[in-house]
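Below: the structure, in structure tokens.
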């Protein structure tokens, strides 16, 4: 658990550093290709670097708010959702964490996520569909899973990934479009093959950057899900609740309306699914196969030692 | 000579730093034990406060279940007075109360009018969550006590603990019915 917290802190820094570097590099290539000079390239590099740093700070302090807004979550009080509130409160007692803000997303698809920068600034959100179909025990399993994400600081890293990776894709798309305009106009005046080469590199980068970002996103969340399942059970001492909840979530085929590629990895189960329930984890899955997670939880029920990664 | 002196000073500094670190660690753990104990206390009090409301809400419906209600009221009174007698006595009295409440809720199941009553429903949810909070608080307390007691027994923190009068704490025992018979599977 403490290793996981340390790892998430380190990964968050690493992510910011890599993205600042990546964005600066992209800035240089695009600047050089678009304006046809290395000086302009360095200028754009600096500009992009500053933008990336500012954006990282915005992502760190405002990321949770953005994620909640994008997901269409609204905050609820104890009076509006007494059972959900009580269950969250029970989990704060079991984990010794402060009370997070509680949100509900109005959507029939059952799902849940947690976000925030640290346990003192955390939010737990569940869909109205989840509240409808889960009994108390299952809801407790889901909330315990989310509180584990809060405690392990997965929320900080996952929220940063969502905000930062989302923007890289956006910037690349934008400049790819600008690049094509530039190809017709300015870069012909500057002439020479160098501009063309840079432009080609620029296009390649524009294609690769979001792809790399997406692969990072996929790589991060799978192990975290297993770990959150296991430490959630440590809180409730009841593997059956979470296993039953996951089974119910897996049985529901509806996609979540407000989920995007930038936020999908935050949820307890992939909200963008689900053409078919796959047996094994593919390269581009944000979540481990739900059947495998259930199998591990059922094994815990039988008293087998939990395989904690 | 000078080198020997430096070595001695360095060693002394290391020892002092280690002692301070271990001492602070013990204080932190003890603080956590105390905090989690007060959390149990908060929830137990909450339960004591809720019970009169529940009894009031159900007693008109349950003319023939006076005995069950009396048991709950008595168990509550006993639990409140046991509060001053240390964790073990208190745990025992509170477990009696948990049992009495369980049989009350079992009886409530037989009265459809009562189950549909909004007031009773919200009281039941409040008591359910309070029961859960008590058991989670107990779980957290016991975990804290365990890590604290291990620290007190382990070398080298046991030396510091002995010097500064840290004592082991008692666990908050759960009721017997809570403990299921462990499943032993020898076939696999």
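The values are calculated or read from the model by the stated rules, or taken from the named source; none is laboratory data. Just so we're clear, the structure is a prediction, and the values are computed from it rather than from any experiment. Backbone-built Cβ (ideal geometry, glycine too); neighbour counts: all protein chains shown.
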Selected residue (only one of B:69, B:44, B:26 is more than 14 Å from chain A (Cβ to nearest Cβ), modelled with pLDDT under 90 and surrounded by 13 or more Cβ atoms within 10 Å (Cβ to Cβ)): B:69
Going residue by residue through segment A:58-79, is there one that turns out to be assigned to a loop (DSSP other than H, G, I, E, B), within 14 Å of another protein chain (Cβ to nearest Cβ) and farther than 27 Å from residue A:166 by Cβ? yes
Scanning segment B:122-138 residue by residue, those surrounded by 14 or more Cβ atoms within 10 Å (Cβ to Cβ) and without any contact (Cβ under 8 Å) to a residue 12 or more places away in the chain turn out to be B:125, B:128, B:129, B:132, B:136
Take the residues of segment B:152-178 that are under 22 Å from residue B:26 (Cβ atoms), assigned to a helix (DSSP H, G or I) and in contact (Cβ under 8 Å) with a residue 40 or more places away in the chain: which is nearest to the other protein chains (Cβ to nearest Cβ)? B:157
Tell me yes or no: at least one residue of segment A:94-106 is in a helix (DSSP H, G or I), assigned by TED's automatic domain parsing to the domain that holds residue A:133 and touching a strand residue (DSSP E or B) at 6+ places or on another chain (Cβ under 6 Å). no
Does residue B:147 satisfy being under 18 Å from residue B:49 (Cβ atoms), at pLDDT 85 or above and out of contact with any strand residue (DSSP E or B) (no Cβ under 8 Å at 6 or more places or on another chain)? no
In segment A:52-66, is there at least one residue being farther than 26 Å from residue A:112 by Cα and modelled with pLDDT of 85 or more? yes
Determine whether segment A:126-146 contains at least one residue that is within 22 Å of the chain's Cα centre (by Cα), buried (at least 24 other Cβ atoms within 10 Å of the Cβ), outside the structural domain of residue A:21 (by TED's automatic domain parsing) and not in a helix (DSSP H, G or I). yes
Take residue A:158 and decide whether it is touching a helix residue (DSSP H, G or I) at 6+ places or on another chain (Cβ under 9 Å) and in a strand (DSSP E or B). no
Being at pLDDT below 75, surrounded by 16 or more Cβ atoms within 10 Å (Cβ to Cβ), farther than 17 Å from residue A:157 by Cβ and outside the structural domain of residue A:150 (by TED's automatic domain parsing) is the requirement here; does residue A:28 meet it? no
Just to be sure I understand the filter: pairs with C-beta atoms under 8 Å, separated by 6 or more residues or on different chains, first member in segment B:1-19 and part of a helix (DSSP H, G or I), second member surrounded by 10 or more Cβ atoms within 10 Å (Cβ to Cβ). Which pairs pass? B:18/B:156; B:19/B:160
Mind listing whichever residues of segment A:220-267 are outside any helix (DSSP H, G or I) and in contact with a helix residue (DSSP H, G or I) (Cβ under 6 Å, 6 or more places away or on another chain)? A:262, A:263
